[in-house]
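Following: one structure in structure tokens, then a few remarks.
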Amino acid sequence: MPRTSASPKGGTFTFRLEPDLKAALARSAADDHKQPAEVVRGLVRDYLAEKARRAFEEEARRQCLAINARAQDPSSDEARVMRELEADLDAFADEWK
């Protein structure tokens with residue numbers, strides 16, 4: 001019979017837990033009215049999202065440092081843009097005095 005669900009069924013991932021850890025997970029999941037597998041899936045999603053966020057932040061920092069280094073050269077486009085932004089900010093500040 002073909003699947004009627006919109007989302008495909010996921011794969012199986014088997015791993016071992018110490019018996020006391022497994023029991024604690026089962027109790028905790030039950031307290032939240034969830035299945036242990038649902039809790040584990042959420043943990044995996046959170047882990048991957050955090051890893052992606054860290055990678056994004058690292059790349060943003062790398063780009064920021066590269067732009068900052070180029071802006072130190074007074075003849076660079078980055079330095080020119082920074083001077084324009086500072087001039088605009090000074091003009092804006094004068095309007096609000």
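The values are calculated or read from the model by the stated rules, or taken from the named source; none is laboratory data. Computed from a predicted structure; not experimentally measured. Using ideal geometry, Cβ is built from the backbone for each residue, glycine included, and neighbour counts are taken over all protein chains shown.
Here are the numbers for the structure shown:
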read-out	value
Matching entry among Ala71, Ala66 (being surrounded by 10 or more Cβ atoms within 10 Å (Cβ to Cβ), within 22 Å of the chain's Cα centre (by Cα), at pLDDT below 95 and among the aliphatic types (A, V, I, L, M))	Ala66
Test set (1) in a helix (DSSP H, G or I); (2) of a type in the set (D, E, K, R); (3) surrounded by fewer than 12 Cβ atoms within 10 Å (Cβ to Cβ); (4) more than 19 Å from the chain's Cα centre (by Cα) - Lys22 fails condition number	(3)
